[in-house]
Amino acid sequence: MIRDFAIVWSERDLLLSGLGNTTILSVLSAIAGLVIAFVLTPALMSKRRWLALTVRVFVDGMRCVPFLLFAYIVYYGLPSFGIRLDNWSSGLVALTVYHAAYLAEILRGAWVAQPREPIEAGVAFGFSGPRLFRRIILPPLLLAAGPVIGNQMIQIVKDSAFLTIIALPELTHAASSIQSRHYVPFAAFITAVFLYWGLCLVIEAGVSGIDRLASARR
Amino acid sequence: MTNDMAVLDVAGISKRFGDLQVLSDISFTVTRGETVCVLGPSGSGKSTLLRCINWLERPDAGQIYLNGDRIGINNGGVVMSDRELSRVRTRIGMVFQHFALWPHLTVLQNLMEAPVQVQRRPAAEVREEAMALLAKVGLSDKADVFPARLSGGQKQRVGIARALAMKPDVLLFDEPTSALDPELVGEVLLVMRELAREGRTMVIVTHEMGFARDAATRILFMDRGRVVETGPPERFFVSPDTERARQFIQRYAAG
Ligand SMILES: Nc1ncnc2c1ncn2[C@@H]1O[C@H](COP(=O)(O)OP(=O)(O)OP(=O)(O)O)[C@@H](O)[C@H]1O
Ligand SMILES: [Mg+2]
């Protein structure tokens, strides 16, 4: 067993580059997903019925599709419509779009739970449109939804493992290459598990930072 | 058509919610330096009236002028865009029953937010004025505290300072002391009395009869969406013209 781990250690460069790629994928799609959610959420709350309904259909649709299937559609399905993305772009697009739907729904839930008066005060004091959302509505949402958003970030990290099926060299892909090359499945995969766990700990540290900010404000 | 001295001119405002006629043909003017107290039983439409003045609620009929400028309808005769409405709203300060402070901002940031972000005034200048306003409402030491750490009375004094920071032409108050514990009402009324003495133009919806009696320049008594009676407080409280007002005063004098 020790020898198995020694083999994994000898392949540490591969694992670390997998870890690096998983981190890059997760961070980029978390940021992009949040930015898209910042647009989707006001649309979900819009008084324009057709707009709210359209976005609602998209959000609910996304949340009902298994991520793996969605990744297949982006990578293998889109080329039939003339959209051909390489595996990195496909992976990023799939992760981002899929989780943007979840994030939008999280923010909408937090918005509905907010007291109405401070937002109304924003309007009365001359805020409107994107500025109202950005300056008055959004910050309390992020503080209130911090832990749930953190949870979603963890989900993003875990879903990124599916991208191994489109040959994206992320952490799971690295672990399975090591195991198939050296036949050390347990050592290779358990090492990957601990590395994923490390990523989650980093995210949770971030969440508790946000929580400290929030508790000073409530 | 509009009075030269009129800061606020409300002409024939009506508003209905579904089958409920909440405001019927409300007209009054507020001249510079006046403190108008709006009294009336619960549900008589006082909040709706204030909300119509800055178009938080869109009136069904009537006109509102602020220093001669029509609110809500632009020169072309069409309903203002959100952006146009926003610009007008910065000239009307509003103080809310439940304070409505922005929870993610400190007290000082609450005061500076609209002047800097909406009115685009230089932050340094706004900060200086905001600190002076906090001193005026007795909260200089709370500048860097978040609203959640304040008492109700302190929150409402911040609410008033926040409205003043925009240098509005008129201040609207919707029951500013109704959400407060009785022992905290006094500190807020004190600030409002001071503003009245300075000659700020104010429209105040309140159930504080003592305050209305000695701080108001004029009483506007509403019932069932109509202005039933208007006049100086000396006359309104001593010899009201209408039976409705008499009953209302008696009930509040008793309780
Ligand atoms: N958005 C709304 N939709 C439907 N009805 C409303 C709405 N806002 C107010 N109303 C109704 O309009 C009437 C007047 O309400 P308003 O809040 O203006 O009264 P008020 O004089 O401020 O009462 P209070 O002293 O209780 O604050 C009430 O019957 C109320 O239920
Ligand atoms: Mg009211």
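Ellipticity at 222 nm from helices only: DSSP H runs of n ≥ 4 in the protein assembly as shown, each -39500 (n - 2.57), divided by the residue count, give -18000 deg cm²/dmol.
With a bin width of 5 angstrom, please list the P(r) values of the stretch B:72-132 as percents of all Cα-Cα pairs, from the 0 bin to the one holding the largest distance. Computed distribution, short to long bins: 4, 16, 19, 21, 19, 10, 7, 4, 0. Across the accessible surface of chain B, with the other protein chains kept in place and a 1.4 Å probe, carbon and sulfur atoms take up 47 percent. Highest mobility in the GNM of chain A, judged by mean-square fluctuation with C-alpha springs under 10 Å and restricted to A:HIS99, A:HIS182, A:HIS173, is found for A:HIS182.
Run the Debye formula on the Cα coordinates of the stretch B:1-92, all scatterers equal and no solvent, and tell me log10 I(q)/I(0) at q = 0.10 1/Å. Rounded to two decimals, the profile gives -0.25.
Estimated at 0.36 nm per residue, the fully extended path between A:ALA216 and A:ALA6 surpasses their Cα-Cα distance by 70.8 nm.
Are there any chymotrypsin sites (Phe, Trp or Tyr not before Pro) in the stretch A:169-218 that are in a DSSP loop and have at most 12 other Cβ atoms within 10 Å? List them by number.
Here the sparse-neighbourhood loop sites are A:TYR183.
Between B:ARG251 and B:ASP19, the contour length at 0.36 nm per residue exceeds the alpha carbon distance by 80.6 nm. With a Förster radius of 25 Å applied to the C-beta separation of A:VAL193 and A:ALA167, the computed FRET efficiency comes to 0.70. Radius of gyration (Cα atoms) of chain B, expressed as a multiple of 2.2 N^0.38 Å: 1.00. Quick check of the Kirkwood formula: for chain A, what is the inverse mean of 1/r over all pairs of different Cα atoms, in Å? Kirkwood hydrodynamic radius for chain A: 19.2 Å. Accessible surface computed residue by residue for the stretch A:2-216, with neighbouring protein chains in place and a 1.4 Å probe, gives 50 Å² per residue. Here the gap between B:SER81 and B:SER178, fully extended at 0.36 nm per residue and compared with their Cα-Cα distance, gives a gain of 31.6 nm. Pair-distance distribution P(r) for the protein assembly as shown, from all Cα-Cα distances in 20 Å bins starting at 0: 20, 41, 24, 12, 2, 0 percent.
Interface burial in the stretch A:175-218 reaches 40 Å² or more for A:ALA216, A:ARG217, comparing the full protein assembly with the chain by itself; accessible area from heavy atoms with a 1.4 Å probe. Between chain B and chain A, the total buried accessible area stands at approximately 2300 Å², from heavy atoms with a 1.4 Å probe.
Loop-located trypsin sites (Lys or Arg not before Pro) across the stretch B:93-181 with a Cβ neighbour count of 12 or fewer within 10 Å are B:ARG120, with loop assigned by DSSP.
The values are calculated or read from the model by the stated rules, or taken from the named source; none is laboratory data. Note that the structure is a prediction, hence the values are computed from the model and not measured. Quick reminder, even Gly has a Cβ in these numbers, built from the backbone with ideal geometry, and neighbours come from all protein chains shown. In case anyone asks, the SASA skips ligands and DNA or RNA and just uses the protein heavy atoms, side chains included. Shrake-Rupley method; radii C 1.70, N 1.55, O 1.52, S 1.80 Å.
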